[in-house]
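Dropping a structure here in structure tokens format, bear with me for questions.
The values are calculated or read from the model by the stated rules, or taken from the named source; none is laboratory data. Nothing here was measured: the structure is a model prediction, and the numbers come from that model. Cβ sites come from the backbone with ideal geometry, for glycine too, and all protein chains shown count toward neighbours.
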Amino acid sequence: MKVTPTSIPDVLILEPEVFGDQRGFFLESFNQKDFVEATGQHVDFVQDNHSRSRKGVLRGLHYQIEQAQGKLVRAVRGAVFDVAVDVRKSSSTFGQWVGFELSEENHRQLWIPAGFAHAFLVLSETADFLYKTTTYYAPAHERAIVWNDPTLDIKWPDLGVPPILSGKDAGASSFKTAEMYA
């Protein structure tokens, strides 16, 4: 597994070794031992999530203020622009974001540790997005920051039309008023 640090050192791009031939390909999407060796972090995943979305759907920026979730995310069908925002007040990268294309072609995964808000925008006609989490979903602790917050100034790809949002995401808090981690 190839590990590439991002401009926020805690967020990592993971690229598994892909074995392909005329039949297709094989890759090991997760191996605990290899993950620990590559990242230096031991995490226990407790929940796997799968979403399917159509082009232009933007989900996020979501995080849990308690029971914070670390996430290992990937697109297994289609392509997304995936974003992580540091919402840890005590962090030297507080308020900074990173974004990367994850797709079925590049097989990239993004490790997003606890304390980050997460979102993705679907670039392809449809996308199947998988993510492993380190804690269970806790709706009472879920928070959201609006996708186009001017303080964060995330450079989303321009699809030529406004993103498709849930009601919750359209009414999310600004970065300045959102509840954050210590």
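Matching residues to (1) modelled with pLDDT under 95; (2) surrounded by fewer than 22 Cβ atoms within 10 Å (Cβ to Cβ); (3) not polar (S, T, N, Q):
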site	(1), (2), (3)
Gly40	yes, yes, yes
Val46	no, yes, yes
Ser53	no, yes, no
Glu66	yes, yes, yes
Gly70	no, yes, yes
Val80	no, no, yes
Ala119	no, no, yes
Val122	no, no, yes
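Still on this structure: Those residues that are surrounded by fewer than 14 Cβ atoms within 10 Å (Cβ to Cβ) and either in contact (Cβ under 8 Å) with a residue 40 or more places away in the chain or in contact with a strand residue (DSSP E or B) (Cβ under 6 Å, 6 or more places away or on another chain) (or both), I need them from segment 169-182; list them, please. Talk me through it step by step, then tell me what you get.
The first filter runs over segment 169-182 and keeps only residues surrounded by fewer than 14 Cβ atoms within 10 Å (Cβ to Cβ), leaving 170-171, 174, 176-177, 179, 182.
Glu179, Ala182, listed by residue number.
Next question. Suppose we keep only residues that are part of a loop (DSSP other than H, G, I, E, B) and under 22 Å from the mean Cα position of the chain (by Cα) within segment 20-36. Which one would you say is nearest to Ala75 (Cα to Cα)?
Going residue by residue through segment 20-36, those that are part of a loop (DSSP other than H, G, I, E, B) are 22-23, 28-31.
Subsequent filtering for residues that are under 22 Å from the mean Cα position of the chain (by Cα) retains 28-31.
Details: Glu28: 14, Ser29: 11, Phe30: 14, Asn31: 18 Å.
Selected residue: Ser29.
Continuing with the same structure: Using the structure shown, decide if His62 is in a strand (DSSP E or B) and touching a residue at least 24 places away in the same chain (Cβ under 8 Å).
Values: in a strand (DSSP E or B): yes; touching a residue at least 24 places away in the same chain (Cβ under 8 Å): yes.
Against the criterion (in a strand (DSSP E or B) and touching a residue at least 24 places away in the same chain (Cβ under 8 Å)), His62 qualifies.
Moving on to the next point. Can you find a residue that is surrounded by fewer than 15 Cβ atoms within 10 Å (Cβ to Cβ), closer than 23 Å to Ser91 by Cβ and polar (S, T, N, Q) anywhere in segment 106-116? It would help to see each step written out before you state the result.
First pass over segment 106-116, keeping only residues surrounded by fewer than 15 Cβ atoms within 10 Å (Cβ to Cβ): none.
No, segment 106-116 contains no residue that is surrounded by fewer than 15 Cβ atoms within 10 Å (Cβ to Cβ), closer than 23 Å to Ser91 by Cβ and polar (S, T, N, Q).
Do you know which of the residues in segment 151-182 that are among the hydrophobic types (A, V, I, L, M, F, W, C) and not in a loop (DSSP other than H, G, I, E, B) is nearest to Gln64 (Cα to Cα)? Talk me through it step by step, then tell me what you get.
Our first condition is that a residue be among the hydrophobic types (A, V, I, L, M, F, W, C); within segment 151-182, this holds for 152, 154, 156, 159, 161, 164-165, 170, 172, 175, 178, 180, 182.
Those left that are additionally not in a loop (DSSP other than H, G, I, E, B): 164, 170.
On the way: Ile164: 22, Ala170: 18 Å.
Step by step, filter segment 151-182, then rank; the result is Ala170.
Hey, could you check segment 98-150 for residues that are in a loop (DSSP other than H, G, I, E, B), more than 14 Å from the chain's Cα centre (by Cα) and among the charged types (D, E, K, R) and say which is farthest from Lys2 (Cα to Cα)?
Asp149
So Ala68 clears everything in (1) in a strand (DSSP E or B); (2) in contact (Cβ under 8 Å) with a residue 40 or more places away in the chain; (3) within 25 Å of Asp34 (Cα to Cα); (4) among the hydrophobic types (A, V, I, L, M, F, W, C) except one condition, right? Which one?
(1)
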